[in-house]
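Note sheet for the following structure.
The values are calculated or read from the model by the stated rules, or taken from the named source; none is laboratory data. None of the values given here were measured: they were computed from a predicted structure. Glycine also receives a Cβ, built like all others from the backbone with ideal geometry; neighbour counts cover every protein chain displayed. Protein only, heavy atoms only, side chains kept; ligands, DNA and RNA dropped before computing areas. Shrake-Rupley method; radii C 1.70, N 1.55, O 1.52, S 1.80 Å.
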Amino acid sequence: MNSAALIIIAIVTLAAALAAATLRKLMHAALSFAVALVGIAAFFFLLGAEFVGLALVFIYIGAVAVLIVFTILLTRRDVGEGRGFNWGGAIIAVAVFGGLTWSILKTQSLAIVAPRMPALTVKQIGVALMTTYVWPLQCVGLLLTAALIGALILVMEEKR
Amino acid sequence: MTPNLQVFLIVSAALFSIGLLAALSRRHAIFILIGIEMMLAAANLNFIAFWRFAPQPKPPLGVMIAIFSIAIAAAEAAVGLAMVIAVYRHYRTTNVDQLDQLKG
């Protein structure tokens, strides 16, 4: 793990996330959200979880970000945000960040460096998915099927 | 200097707070969904960081939790965006302040 790479990735990720949270134009915010997700995937690569990083890129940027863009285009008619920024939310967010940072820095047992670990291969993940985690895998498959059918039924045209 | 666990946790906390900011301060339903997705991604980052920095890491455990969490987040995004489209068809708006028909 390289600290220069870590700092650059952290700055890019947090700047893109902040842009996604504050930009006026919906489309710009959605694209900054995609950039922030690339940054999170880079964090996963840095932490030695390459498979999860790739899955994040495929699922979030390939599917969820595109879905968000499609929804923005389908609900284009009202682009006005209306009234200005809501400062209550900003105060709550800053308070949560302050509390979390204070407690993280206060906890001495978290000041550890990563132990050496053999690289995790995709084969190991596949074997674990098919043996130890086979029931959770089936449940997630069922959940995804039900959620996608439910989403289809929600957006189907109503016949009157 | 090698980065320790606290750096990753603080980045994750910042990401969570930005997601919270987006979910609380915006009035557009899609922005609120983006904020929720960002909070879920921050939680995933925490899972992976704790797994990587554990004294005796169990090889696939944290990765499995993150994969299942990503799958559930994808299902949530699909249903949430479908609901945004359904609400837009009925009310011609996606501003959550104007969706107050059930308000007493």
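Do we find that A:Leu73 is facing chain B (nearest Cβ under 7 Å) and open to solvent by 30 Å² or more (accessible area, probe 1.4 Å) in this structure? No, not satisfied. Being surrounded by fewer than 17 Cβ atoms within 10 Å (Cβ to Cβ) and closer than 18 Å to B:Val11 by Cβ is the filter here; which residues of segment A:22-38 pass it? If the condition is that a residue be surrounded by fewer than 17 Cβ atoms within 10 Å (Cβ to Cβ) and closer than 18 Å to B:Val11 by Cβ, then no residue fits. Would it be correct to say that B:Phe53 is more than 7 Å from chain A (Cβ to nearest Cβ) and farther than 19 Å from A:Ile92 by Cβ? The answer is no for B:Phe53. B:Ala77 meets all of the listed conditions (1) facing another protein chain (nearest Cβ under 7 Å); (2) surrounded by fewer than 18 Cβ atoms within 10 Å (Cβ to Cβ); (3) in contact with a helix residue (DSSP H, G or I) (Cβ under 8 Å, 6 or more places away or on another chain) but one, namely (2). Taking (1) at the interface with another protein chain (Cβ under 7 Å from one of its Cβ atoms); (2) within 30 Å of B:Ile85 (Cβ to Cβ) in turn, B:Ala23 satisfies each apart from (1). When you scan segment B:36-57, do you find a residue that is open to solvent by 40 Å² or more (accessible area, probe 1.4 Å) and within 23 Å of A:Arg24 (Cβ to Cβ), even just one? Yes.
When A:Gly39 is tested against (1) modelled with pLDDT of 90 or more; (2) more than 15 Å from the chain's Cα centre (by Cα), only condition (2) is not met. Could we say that A:Val134 is open to solvent by less than 50 Å² (accessible area, probe 1.4 Å) and under 19 Å from the mean Cα position of the chain (by Cα) here? Considered against the rule, which asks whether it is open to solvent by less than 50 Å² (accessible area, probe 1.4 Å) and under 19 Å from the mean Cα position of the chain (by Cα), A:Val134 comes out as no. Among the conditions (1) surrounded by fewer than 21 Cβ atoms within 10 Å (Cβ to Cβ); (2) within 7 Å of chain A (Cβ to nearest Cβ), the only one that B:Gln98 does not satisfy is (2). Considered as a group, the residues in segment B:1-22 that are open to solvent by 20 Å² or more (accessible area, probe 1.4 Å) and modelled with pLDDT under 90 include one that is farthest from A:Ser109 (Cα to Cα), and that residue is B:Met1. Among residues that are out of contact with any Phe, Trp or Tyr (no Cβ under 9 Å at 6 or more places or on another chain), of a type in the set (Gly, Ala, Ser), modelled with pLDDT under 90 and not in a loop (DSSP other than H, G, I, E, B), A:Ala151 is not included.
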